[in-house]
Every structure is written in structure tokens, then in C-alpha cells.
Amino acid sequence: GSPKEVVSVSNMGMSKRGPIIEGRDQLLLEFTDGSVCMSEGQKLSYSTQIHLVCSRGASSCVVVDPVSGFKYNLQLLASKEGYKTTANGKDFMVKHRLLCQSDASRLQLNICEDAPGCGPGMGGCELENSHPVSPVGVEKTLKYSTDGVLQLTYKGVLDGPTATRDTFTINFVCDPNSHPGSLKLVQEDLSTLSSHAVHDVLFEFSTALACIPAPVDCRIAACGVISGKGFNLGYMQSSPQVADDGSISIVYRNGDKCGDSSTYSTRIVLQCDDNPDGCEYVFIWRTSEACPIRKVKGENCRVRDPKSGYEFDFTSLKNRDFAITSNKYSYHLSVCSELKKNMLTFVGDQIILNYTNGETCHKIYQRSTVISFSCHPDKHP
């Protein structure tokens, strides 16, 4: 016969006091003096703690361990290359989504984003002839228990007459050598009713992002001071990774929030050096400021900054006579006038206007003029 649920612990604790404020947007419900629990020869009693955290502006991909305060962020599991696995005679493919396929239909779900083809707001569905059936995602829950279980659940619309609904459950398992992760089907239960079929599918996803941070002398593994403020640059969750060139990388992830949708991370690259100098520390700092100066040519008295994309427009300076006197010479300049040879360029962080092919100078050279523009907010134009 089919397995039946049985009660293993009749009393997990009783409420003897009201909610406790643990911190901002956090409450604790505590239940004590439950059934007898034998542990290492000691007679104890079961107790239960429920941590309630306000979901104001929270992401369904982030959950915080209430004990250690560590934040599990699953947003990094989205992958353009995808994941593949086979189980129970079914082929599974994950390509920025988790895809479970059988001969007649396929189950499709996504982590941290809507599942393509399942409808707005849906995290998964069954696809029959490319049409979505039994979508799940009306309820999305990411849970973490103090015994280390990290679980993402998608639920479908509740069917009133039968009190049933489709459910996709993903259990995340720590694997420090899995980057970013791999998928495995654990169990698929299919109940056929008179009006529809109900899917209850359990997946297992092995990933280093589900690992508890490695113990270190301080609570975080990497930190930095940016603009006078300290930031967590990541925790150590995964084992070192070896690249094709033989270098070894140690990656710290899930640091403080960076921008609107990312978190700080740190990568330390270890390279072979047979003769290291014990007195010299070498840091490699990747920054756009160290890139070679780029020269960009504009046209029609406009030029664009290659870094920011901002376009500088000097057309308002046209048809004006700018007079400059220096010693015994007087110069009259017309910016962006219709001369045969003039070019507005952006070099490094300077805007330069070149005029070439002027009159002959000293019977050898042709005169040329260079105008460098500098910012002055009080000068118009």
C-alpha cells in the first residue's frame, strides 16, 4: 500500500510567552517543554523556535540564517550555459531555467525568475505541446531551517473542490566543489483526478551557494573600506577552483548589497611563482582607470565619452567670433565653423578641436590650431 504519515513527536513545545522582538523587522515565537527527547543519555524535552522576518521589499531568492545572520543568495544560480541531468528515464535540461522532459510532457521551472513559457509571475509549469499546464508560482517560498535545510517551493492555484494544488520543491544541498550547481530529480508523484492531474515534484540542487561559510578568525572572509565606509566583500562557501591556465582561484560570495540587484564578491587568483620574495606582496587590481587612453573622433561638432556614453555638443558655439590677444598677436577663432579640416576628438578625459591644413609657415610647415576645452559651470556659452 501507499506510505502513510505517522506522528513521530506528539508535542514539539508549548507557547508560554508572547512574541519576542529580536531586532528590526524580526520576531521570535518560542515553544518549550514538549515531549521527552533523549540526547546522549540525557533526558531533555523538545522545543521549537519560529523566526518571523518582515518581507518588506525582500527577494524570494534571499534568506537569512537567523542564528548566524548569514545571507543565502541564490540569484547567482541563473546560468546561460545551463545544467543537464538524467533520472527515472527522463531527460532534464537547465538553461537559465530547470527543464524536466518526458515523452508526453515536460516540467519547466526557474530559480529566481519567471519560467519562460509558463506565464507572468509563474516559477514553473508542465508544458504539453508547448502550452503551459498546471503553472506553479502563485506562492513562492524560500525557507531555511536551523538544521541546515535550504528549500525553495513553488505552489500552484488551489483547486477548491479537491483542495489540491501542484507543487514543485527544490532542496539545495551543499557541495563546495559544485560551481554553480547541478540538478537531480528525487521524486515525482502524479495524482490523476477526474478533472485534472496534480504534480508533486521534488528536485535536489547541489551547489556551493548552499554551504555554510568556512570558519575564519572574523565573521566575514573579505572586507573593504569604500568611500570611508566598511563593506562585507563576501564569505568563503566554496573550495578553490583550478582554471585552464593552472591558476587557482578562491572566491568569496554573498557580501553586502552592491547596486540594485548584485552583492559584493571577491576573487583571489593564486599563480605559480617558484622564487617568491617573502618581503613583497603583489596585488592585482582590475579597474577601468588602468585601461589605455582611447581616442574617439566625433562629427558635426559632437563627440561622445567612450566610458560614460555622454555626448558633448558644441554646436551652440558655432558662428561666433572668439578674440584672444597674446603679446603682439591677436587671434580670432571660430569654433566648429565650416572649414575644410576640423576634427573634434575625445582623448582620455580631454576634449580637443584640431584645425589643420592652414597657410604655409616659414615656407615649410602648414599652420594648425588646437583648442582644448575645459569645464567651467559658470561660463555660458
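The values are calculated or read from the model by the stated rules, or taken from the named source; none is laboratory data. Just so it is clear, the structure is predicted and the values come from calculations on it, not from any experiment. Because the Cβ atoms are built from the backbone with ideal geometry, glycine has one as well, and the counts that use them run over all protein chains shown. Remember, those area values only see protein heavy atoms, side chains included, never the ligands or the DNA or RNA. Shrake-Rupley method; radii C 1.70, N 1.55, O 1.52, S 1.80 Å.
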Residues of the stretch 171-208 with amide nitrogen under 14 Å from the 7 Å Cα-to-Cβ point of Glu128?
191-199
Positive-end extreme of charge dipole, the stretch 206-327 - chosen from Gln237, Leu317, Ala222 (charges on Cβ):
Leu317
Sorted by chain and number, the residues with a modelled amide H under 5 Å from that of Val186, at a separation of 5 or more or across chains, are Leu202, Phe203, Glu204
Need one number: nm distance between label points at Ser68 and Lys328, each 7 Å from Cα along Cα→Cβ, rounded to one decimal.
8.2 nm
Loop-resident GluC sites (Glu not before Pro) in the stretch 255-324 with no more than 13 other Cβ atoms inside 10 Å, DSSP not H/G/I/E/B, are Glu280
Can you list which of the chymotrypsin sites (Phe, Trp or Tyr not before Pro) found in the stretch 290-376 are DSSP loop residues with at most 12 other C-beta atoms within 10 Å?
Tyr310
Inter-label distance, nm, simple model (7 Å from Cα along the C-beta direction), Ser195/Thr360:
9.8 nm
Stretch gain in nm, segment Ser15-Thr369, where the contour uses 0.36 nm per residue and the Cα spacing is subtracted
118.9 nm
Zone residues, the stretch 245-278, relative to Ile284, backbone N less than 17 Å from point 7 Å out along Cα-to-Cβ:
245-252, 266-277
Using a probe radius of 1.4 Å on heavy atoms only, what accessible surface per residue do you get for the stretch 189-339? Whole Å² is fine.
75 Å²
Taking R0 as 25 Å, what FRET efficiency do you get between Thr141 and Lys229 from their Cβ-Cβ distance, rounded to the nearest 0.05?
0.15
Would you mind computing, in nm to one decimal, how far apart the modelled labels at Gln350 and Thr153 are, each placed 7 Å from Cα along Cα→Cβ?
6.6 nm
If you plug each phi of the stretch 349-359 into the Karplus form 6.51 cos²θ - 1.76 cosθ + 1.60 with θ = phi - 60°, what whole-Hz ³J(HN,Hα) values come out, in order, with x for Gly and Pro?
10, 10, 9, 10, 10, 9, 10, 10, 6, x, 5
Amide H neighbours of Ile111 under 5 Å, at least 5 residues apart or on other chains, H built in the peptide plane: list them.
Leu98
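Under 10 °C and 1.306 mPa s, how fast does the stretch 239-379 diffuse according to Stokes-Einstein, given a Kirkwood radius computed over C-alpha pairs? Answer in µm²/s, whole number. Each step should come with its number before you reach the end.
Values: Rh = 20.6 Å.
The calculation lands on 77 µm²/s.
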Under Karplus coefficients 6.51, -1.76 and 1.60, residue-wise ³J(HN,Hα) of the stretch 124-133 in Hz, glycine/proline x:
x, 5, 9, 10, 10, 6, 6, 9, x, 9
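Calculate, in nm to one decimal, what Lys295 and Glu5 gain on full extension: separation in residues at 0.36 nm each, minus their alpha carbon distance.
Values: separation 290, 0.36 × 290 = 104.40 nm, distance 7.20 nm.
In short, 97.2 nm is gained.
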Kindly provide the trypsin sites (Lys or Arg not before Pro) of the stretch 240-286 that DSSP labels as loop, not H, G, I, E or B, and whose Cβ sees at most 12 other Cβ atoms within 10 Å.
Arg286
If amide hydrogens are placed 1.01 Å from N in the peptide plane, which non-local residues have theirs closer than 5 Å to the one on Asn254?
Tyr235
For the stretch 305-312, take each phi angle, set θ = phi - 60°, evaluate the Karplus expression 6.51 cos²θ - 1.76 cosθ + 1.60, and give the result in whole Hz per residue in order, putting x for glycine and proline.
5, x, 7, 8, x, 6, 9, 8
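Among residues other than Asp256 whose Cβ falls under 11 Å from its Cβ, what is the net charge (Lys/Arg +1, Asp/Glu -1)?
Every neighbour counted, the sum reads +3.
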